[in-house]
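This structure is in structure tokens; I'll ask about it shortly.
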Amino acid sequence: LSGSVLVLPNVFYTPETKIAGGLVLGYYRPLDAQSPPSSVQLAAIYTQRQQFYIQLQPEVFWGRGQWWINSEVWLSRYPNAYYGIGPSAAAAQEEEYTARIADIQGSIQRQVRPGWRAGMRLRLRGEDVTDVATGGLLDTRSIVGQTGGTTVGLGLVTTWDRRDNLYFPRQGYYVEARGLLHRTDAVQQHTFGRFVIDARYYWSVRDDHVLAVNGFAEAVSGATPFQLLPLLGGADRMRGYREGR
């Protein structure tokens, strides 16, 4: 039951951050012979414009893999862009703002049968929106979430996991479905629901090649802060597009 360590430095440049750099650290080790590897990963970034991003991701399997805790904690003061909401939002409407965010989310699931787990999910998020463009949409319109606020979400999650490897799957599938009910404490309190389905499938084409496909669907109901609306772009989906564009 020996562990493995990952250390990965990185340096990059974007117009929003100027020169930036950071470090990714990871530690991976199974807690017992019948459980998948548990892990903890830490990513930290600091920019020339004194922006920062810190993300901690603990993932724990125990009880011969019967129990699974998957969580994420992140703190940031980072630039962002708002374009408006919906397909009519034009690139010319882009306006910068800064978001200071503290976000904690995680789930605990128990195995129902081999490959199928179900449980509860919790999310706590606090956000402060600053440095909005004078005369812009966030400054002049009534938009849910335009000043930030605190959001609490609680709901159910279930996963079907038939991958042959947790970190380097060559065949099999993974499906996660979750639904949470949220409550905000903004000046005008709002309740909204958020529903996500994330499905992935892997084929081993040849010895050194794997074909993977990913289907992702997200929907909200109720008065949802603009930061928590379904978004494409960013690091996880449709890379190359700025998140929210």
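The values are calculated or read from the model by the stated rules, or taken from the named source; none is laboratory data. A quick note: this is a predicted structure, and the numbers were derived from the prediction, not measured. Here the Cβ is made from the backbone with ideal geometry for all residues, glycine too, and neighbour counts use every protein chain on show. These accessible areas exclude ligands, DNA and RNA; they are computed on the full protein's heavy atoms, side chains included. Shrake-Rupley method; radii C 1.70, N 1.55, O 1.52, S 1.80 Å.
Restricting to the range 103-119, and then to whatever is free of Cβ contacts under 8 Å to residues at least 60 places away in the same chain, among the small types (G, A, S) and surrounded by 17 or more Cβ atoms within 10 Å (Cβ to Cβ), can you tell me which residue is farthest from Y241 (Cα to Cα)?
G119
Quick one: in the range 45-63, of everything that is out of contact with any strand residue (DSSP E or B) (no Cβ under 7 Å at 6 or more places or on another chain) and either touching a residue at least 60 places away in the same chain (Cβ under 8 Å) or under 30 Å from S107 (Cβ atoms) (or both), which residue is least open to solvent (accessible area, probe 1.4 Å)?
Here the residue is G63.
Among the candidates A92, A33, single out the residue that is open to solvent by 70 Å² or more (accessible area, probe 1.4 Å) and assigned to a loop (DSSP other than H, G, I, E, B).
A33
Which residue pairs have Cβ atoms under 8 Å apart, sit 6 or more places apart or on different chains, and have a first residue in the range 217-229 that is farther than 16 Å from R178 by Cβ and a second that is among the aromatic types (F, W, Y) and in a strand (DSSP E or B)?
Matching pairs, first to second residue: G222/F192; A223/F192; F226/Y82.
Moving on to the next point. Run T47 past the list (1) touching a Phe, Trp or Tyr at 6+ places or on another chain (Cβ under 9 Å); (2) closer than 26 Å to L122 by Cβ and report the number of the one that doesn't hold.
Of everything listed in (1) touching a Phe, Trp or Tyr at 6+ places or on another chain (Cβ under 9 Å); (2) closer than 26 Å to L122 by Cβ, T47 misses just condition (2).
Identify, from the list Y27, Y82, Y78, the residue that is open to solvent by 40 Å² or more (accessible area, probe 1.4 Å) and either within 29 Å of T158 (Cβ to Cβ) or over 16 Å from the mean Cα position of the chain (by Cα) (or both). Quick ask: steps written out before the conclusion?
Working: Y82 fails: open to solvent by 40 Å² or more (accessible area, probe 1.4 Å); Y78 fails: either within 29 Å of T158 (Cβ to Cβ) or over 16 Å from the mean Cα position of the chain (by Cα) (or both).
None of the others qualify; the one that does is Y27.
Go through (1) touching a strand residue (DSSP E or B) at 6+ places or on another chain (Cβ under 7 Å); (2) closer than 27 Å to S35 by Cα and name the single condition N165 misses.
Failing condition for N165: (1).
Can you tell me which residue in the range 225-242 is modelled with the lowest pLDDT, limited to those that are within 17 Å of Q146 (Cα to Cα) and not in a helix (DSSP H, G or I)?
The selected residue is L231.
In this structure, does L122 turn out to be of a type in the set (A, V, I, L, M), open to solvent by 50 Å² or more (accessible area, probe 1.4 Å), touching a Leu at 6+ places or on another chain (Cβ under 9 Å) and modelled with pLDDT of 90 or more?
Here the answer is yes, as L122 does meet what is asked.
May I pose another question? Look through the range 168-208, keep the residues that are assigned to a strand (DSSP E or B) and of a type in the set (D, E, K, R), and return whichever of them is most open to solvent (accessible area, probe 1.4 Å).
In this case the residue turns out to be R206.
Which of the residues that make up the range 64-102 are in contact (Cβ under 8 Å) with a residue 24 or more places away in the chain and of a type in the set (S, T, N, Q)?
Q66, N70, S71, S76, N80, Q93, T98 - these are the residues of the range 64-102 that are in contact (Cβ under 8 Å) with a residue 24 or more places away in the chain and of a type in the set (S, T, N, Q).
Which pairs turn up if I take residues in the range 134-152 that are without any contact (Cβ under 8 Å) to a residue 12 or more places away in the chain and look for partners that are part of a loop (DSSP other than H, G, I, E, B) and of a type in the set (A, V, I, L, M, F, W, C) with beta carbon separation below 6 Å, at least 6 apart in sequence or on another chain?
D139/V132
Which residue is farthest from Q93 (Cα to Cα), if the candidates are limited to the range 136-156 and must be open to solvent by 60 Å² or more (accessible area, probe 1.4 Å) and more than 21 Å from the chain's Cα centre (by Cα)?
Looking at the filtered set, the residue picked out is T147.
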